Amino acid sequence: MVEINTTYEGGLHCKAIHKSSGVTIETDAPADNRGKGESFSPTDLLAASLAACYLTTMGISALDRGINMEGTTCRIEKHMSSDSPRRVVKLVADIKFPAGIPFDKRGILEAVALHCPVAKSIHPDIDVDLNLHFPDGQDMAEHTHHA
């Protein structure tokens, strides 16, 4: 069990404190929804959480297999609904790996990402596109539409 304590600080800003480490995250409402966009919005954190979970779980799998993933990046796009209720409708993740990822281990890394805890916790109505990019051009793409 992890405890996170969040306080509404006014002006559409919140501060969340991770109890065991003391690390804080601050949020603001997005500029297109009455906020100033001065920080991550709550739905931005959902997208960032997915990206970090992809990289973390693949990193664990890579460590177990002696694969160096250092420098791997994930760019994620969050698409919001145009109708009500306001919600995330699509996430597009582009993961770029450094050179040296063995071809025969790439499918394992993809499977680990697709089954990471955050991916498995995302509402089934959200479209998720995961794209893995390798310097040698042997890219992989997975589209998940849950609706």
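All of the numbers you see were taken from the coordinates with simple rules; none came from a lab. The structure presented is a predicted model; accordingly, all values stated were derived computationally and were not measured. Virtual Cβ from ideal backbone geometry, glycine too; neighbours counted across all protein chains shown.
Sorted ascending by nearby beta carbons within 10 Å, beginning with the fewest, MET140, MET58, MET69 become MET140, MET69, MET58.
Take the alpha carbon atoms of segment 85-147, find their center, do the same for segment 40-61, and report the distance between the two centers in whole angstrom. Answer, in whole Å: 11. In the chain, Cα pairs under 8 Å separated by at least six residues give a relative contact order of 16 percent. Based on the Kirkwood approach, the hydrodynamic radius assigned to the chain is 16.9 Å, with every pair of different Cα atoms included.
Going through the cross-link list LYS78/LYS105; LYS19/LYS78; LYS78/LYS120; LYS15/LYS96, which pairs have a Cα-Cα distance over 25 Å in this structure? Beyond 25 Å between Cα atoms: LYS78/LYS105; LYS19/LYS78; LYS15/LYS96.
Between the Cα long axis of helix 42-64 and the first principal axis of the chain there is an angle of about 30°, rounded to the nearest 10.
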